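A.B. asks: Pasting in a structure now, in structure tokens, and then I'll have a few things to ask.
The values are calculated or read from the model by the stated rules, or taken from the named source; none is laboratory data. Bear in mind that the values here come from a model prediction, so they are computed numbers and not experimental data. Here the Cβ positions follow ideal geometry from the backbone for every residue, glycine too, while neighbour counts run over all protein chains shown. Surface accessibility is based on the protein's heavy atoms, side chains included, excluding ligands, DNA and RNA. Shrake-Rupley method; radii C 1.70, N 1.55, O 1.52, S 1.80 Å.
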Amino acid sequence: MNQNLKYFILFLFGICISFNATAQRDTISTDKLIIIKQYSPTVNDAFKIKQKPSEKDTIKQTRKPVSYTFINVPVASTFTPAKGTASGVRMSPPDKLYENYARFGAGNFATILADFYSNFDINPDRNLNVEFSHLSSQGGIDDVVLDDDFSNTSLGLNLNSKDRYFDWNTGIDFNHREVNYYGLAPMFSNLSEEQISAIDSKQTYTKFEAFGGIRFYDNVLKEAEIRVQNFSDDYSNSEQLLRIKPLVEIPLRTQKLSIQGDFSFLSGGFETTTIRPFENDYQQLQADVNPFVELSYDNVNVKLGAKAVFFNDSEESSSEVFFYPDVKAEFLLNQQTVEVSLGVSGGLQQNTYENFSSLNPFVSPFLTILPSDQQYNAFAGFSAKLLDNLSFSTQANYSSTSNHAFFISNPSNEFLSRNLTRRNFDYQNSFNVIYSDIDIFSLSADLSYQIDSDFTIGFNGKYSNFSTEEGQEAWNLPEFELKSYANYNFTKNWNFSASLFYIGERKDFVADFTTFPSGALDINESSVNTVDGFIDLNASVEYKFNNRLSAFINANNLLNNSYNRWQNFEVQGFQVLGGLIYQFDW
């Protein structure tokens, strides 16, 4: 090993000597150094060839056609692709809907409110609905000397069933209302307490109705309804109504002919005593037949029909036949965001004592019942969705009606016999029904704006122009009717809603009569009175404790206006009512 070390040291010494000799032979000189690197082009170095270069191809070969076929050979595969999982969005579950509902509230003027609705499933195809509602107040209007309490109670039972070939339903409705003829005219403000206590202002209306209906899935007789109604009051007056409405559909080659029928029989009578007893009975039969065809062409829907009505008055021993148009056309424009409609219709409107008492509960218990002949009602209008959250609609109507029913204030009437007598409703505190011809032009508009999903506001208004025979007044019909409303869910549990109404001025009659035993009439006073228009502002707030239980507060007539809904009948002032709402399932 030492010998090898010696050889390695001698080898290194030899190399050092050789390098030293080489360094001594080098001389310093100046040479030209050329550095060559790879070319890196940039965008600025590029230029465009403006002419297509000529192509010289001396060798041209033709392509050979290639034909091929697929051989389907099943191949076993054990590959199983992994199933992807969708990325879900967590949403709050919708509120549970309950089939039963109860509401109870109380407020000033000793007001009581109660509502109840329940649905009982007898089996999967049959159910029974029960409805009950009650609203009453003990009154207390300022400066009213007669009783001014009222109540309205309703109870309804409805049985629904779905069978293999048809659906049917049957039920009963009961309604009981109590009102008072409390609107004494100012001329009776000096009555003594004894005279006031002798006036029995109470009036009671009772309605009992039984009904039934059937609808076939595949039959010429498509559906039919029947109603039997008895209506009575506290003055021994009564009225009975039987009404049957069948619908027949006859298939044609490409369309179907529909025939709507409406057959009614009305019977009733009034009894009253002035100087001597009076009776006013009526029996009226009305049969309507309305054939029509509905056609559709792309964005156009057309209804072509007519109506024939037979009317018989047994008490007057008279019969008459009426004919009316029934035509309507709808045009859908701008991708169905704009709808234009126009048409003309008409009909013989059956008036009843029950209907008059619903429109005006202060009608006198001695009326004349006749039908109103609406000879035609022409209309044209359009509705449009201006924005996704803004909709607007308007319509113009022009109608002509013979024997239109007007409410007009009864005169104060004093009957002279052995004793000075007035009936309980002879103090200008009741209304009669008179009939007169009238032409009406009306223009209505409706605007709805949804600011967001929780906030909606709206407005609708109507203007009417009346033309009566011989320049008579359009008794108790306003020219202007306005309404605005808002609904706001400002949290999940809080809801606020408000409404504002305006009813314009109306005309009514003021008169004071004296009736002598011979039947002669002495008119002491007679004039036309203007009933002022009024504004009514209402609001309500509801808070939901949970899906089942919530509380509410309703405030009516917030402006505390002492306006007259009907002449001499002042309404209650500021009203507040609060209560609870409970929803449940059996």
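A.B. asks: Look at T394 and say whether it is among the β-branched types (V, I, T) and at pLDDT 95 or above.
C.D. replies: Numbers: among the β-branched types (V, I, T): yes; at pLDDT 95 or above: yes.
Yes, satisfied.
A.B. asks: Inside the stretch 490-531, can you point out the residues that are loosely packed, with under 12 Cβ neighbours inside 10 Å and under 26 Å from the mean Cα position of the chain (by Cα)?
C.D. replies: Listed by number, the residues that qualify are F490, T491, K492.
A.B. asks: Looking at (1) loosely packed, with under 13 Cβ neighbours inside 10 Å; (2) closer than 20 Å to T421 by Cβ; (3) of a type in the set (S, T, Y), which one does Y217 not meet, given that it meets all the others?
C.D. replies: Of (1) loosely packed, with under 13 Cβ neighbours inside 10 Å; (2) closer than 20 Å to T421 by Cβ; (3) of a type in the set (S, T, Y), only one is false for Y217: (2).
A.B. asks: When you scan the stretch 190-198, do you find a residue that is farther than 24 Å from Y353 by Cα, modelled with pLDDT under 95 and either in contact with a strand residue (DSSP E or B) (Cβ under 8 Å, 6 or more places away or on another chain) or charged (D, E, K, R) (or both), even just one? Before the answer, list the steps.
C.D. replies: So the first thing to find is which residues in the stretch 190-198 are farther than 24 Å from Y353 by Cα, and the list is 190-198.
Pick out the ones that are also modelled with pLDDT under 95 and you get 190-198.
Applying the additional criterion that residues be either in contact with a strand residue (DSSP E or B) (Cβ under 8 Å, 6 or more places away or on another chain) or charged (D, E, K, R) (or both) yields 193-194.
The answer is yes; a qualifying residue exists.
A.B. asks: Tally the residues that are assigned to a loop (DSSP other than H, G, I, E, B) and either under 20 Å from R103 (Cβ atoms) or of a type in the set (S, T, N, Q) (or both), restricting the search to the stretch 127-157.
C.D. replies: Step one: list which residues in the stretch 127-157 are assigned to a loop (DSSP other than H, G, I, E, B), which gives 138-149.
Within this subset, residues satisfying the condition of being either under 20 Å from R103 (Cβ atoms) or of a type in the set (S, T, N, Q) (or both) are 138.
The total comes to 1.
A.B. asks: Listed residues E294, E320, E279; which is out of contact with any Ser or Thr (no Cβ under 6 Å at 6 or more places or on another chain), closer than 23 Å to N355 by Cα and of a type in the set (D, E)? Step through it out loud before you land on a result.
C.D. replies: Details: E294 fails: closer than 23 Å to N355 by Cα; E320 fails: closer than 23 Å to N355 by Cα.
Matching residue, one of E294, E320, E279: E279.
A.B. asks: Being more than 30 Å from Y98 (Cα to Cα) and touching a strand residue (DSSP E or B) at 6+ places or on another chain (Cβ under 9 Å) is true for just one of F552, F516, F569. Which residue is that? Outline the logic, then answer.
C.D. replies: Values: F552 fails: more than 30 Å from Y98 (Cα to Cα); F569 fails: touching a strand residue (DSSP E or B) at 6+ places or on another chain (Cβ under 9 Å).
Selected residue: F516, the only one of F552, F516, F569 that is more than 30 Å from Y98 (Cα to Cα) and touching a strand residue (DSSP E or B) at 6+ places or on another chain (Cβ under 9 Å).
A.B. asks: Is it the case that the stretch 254-275 has a residue that's free of Cβ contacts under 8 Å to residues at least 12 places away in the same chain, under 30 Å from E330 (Cα atoms) and outside any strand (DSSP E or B)?
C.D. replies: yes
A.B. asks: Also, I was wondering about something else. Is it true that I250 is assigned to a strand (DSSP E or B), open to solvent by 30 Å² or more (accessible area, probe 1.4 Å), free of Cβ contacts under 8 Å to residues at least 60 places away in the same chain and more than 23 Å from L348 (Cα to Cα)? Break it down into steps so the answer makes sense when it comes.
C.D. replies: Values: assigned to a strand (DSSP E or B): yes; open to solvent by 30 Å² or more (accessible area, probe 1.4 Å): yes; free of Cβ contacts under 8 Å to residues at least 60 places away in the same chain: yes; more than 23 Å from L348 (Cα to Cα): yes.
Here the answer is yes, as I250 does meet what is asked.
A.B. asks: May I pose another question? Looking at the stretch 341-355, can you tell me whether even one residue there is touching a His at 6+ places or on another chain (Cβ under 6 Å) and modelled with pLDDT of 95 or more?
C.D. replies: We begin by selecting, within the stretch 341-355, every residue touching a His at 6+ places or on another chain (Cβ under 6 Å); these are none.
No, every residue in the stretch 341-355 fails to be touching a His at 6+ places or on another chain (Cβ under 6 Å) and modelled with pLDDT of 95 or more.
A.B. asks: Here is a further query. With over 31 Å from the mean Cα position of the chain (by Cα) and either surrounded by fewer than 16 Cβ atoms within 10 Å (Cβ to Cβ) or more than 20 Å from F366 (Cα to Cα) (or both) as the only criterion, which of N237, N301, N280 stands out? So that I can check it myself, show each step before the final result.
C.D. replies: Details: N237 fails: either surrounded by fewer than 16 Cβ atoms within 10 Å (Cβ to Cβ) or more than 20 Å from F366 (Cα to Cα) (or both); N301 fails: over 31 Å from the mean Cα position of the chain (by Cα).
None of the other options fit; the residue is N280.
A.B. asks: Sticking with this structure for a sec: Cβ-Cβ distance below 8 Å, separation of 6 or more or different chains: which pairs start in the stretch 549-574 with a residue that is open to solvent by less than 40 Å² (accessible area, probe 1.4 Å) and modelled with pLDDT under 95 and end on one that is basic (K, R) and assigned to a loop (DSSP other than H, G, I, E, B)?
C.D. replies: The qualifying pairs do not exist here.
A.B. asks: Scan the stretch 461-471 residue by residue and report those that are at pLDDT below 95 and either of a type in the set (A, V, I, L, M, F, W, C) or buried (at least 16 other Cβ atoms within 10 Å of the Cβ) (or both).
C.D. replies: Correct list: T468 only.
A.B. asks: Okay, moving on. Based on what the data block shows, is L242 in a strand (DSSP E or B), open to solvent by 40 Å² or more (accessible area, probe 1.4 Å) and within 24 Å of I369 (Cβ to Cβ)?
C.D. replies: Values: in a strand (DSSP E or B): yes; open to solvent by 40 Å² or more (accessible area, probe 1.4 Å): yes; within 24 Å of I369 (Cβ to Cβ): yes.
Against the criterion (in a strand (DSSP E or B), open to solvent by 40 Å² or more (accessible area, probe 1.4 Å) and within 24 Å of I369 (Cβ to Cβ)), L242 qualifies.
A.B. asks: Continuing with this model, one more query. How about the stretch 435-460: which of its residues are surrounded by fewer than 16 Cβ atoms within 10 Å (Cβ to Cβ) and farther than 17 Å from S391 by Cα?
C.D. replies: If the condition is that a residue be surrounded by fewer than 16 Cβ atoms within 10 Å (Cβ to Cβ) and farther than 17 Å from S391 by Cα, then D439, F441, L443 are the ones that fit.
A.B. asks: Would you mind stating whether T206 is touching a His at 6+ places or on another chain (Cβ under 7 Å) and surrounded by 15 or more Cβ atoms within 10 Å (Cβ to Cβ)?
C.D. replies: When the stated conditions are applied, T206 passes them.
A.B. asks: Follow-up question, since we're still on this one. Which of the residues belonging to the stretch 281-304 are in contact with an Asp or Glu (Cβ under 8 Å, 6 or more places away or on another chain), touching a residue at least 40 places away in the same chain (Cβ under 8 Å) and not basic (K, R)?
C.D. replies: Y282, Q284, Q286, D288
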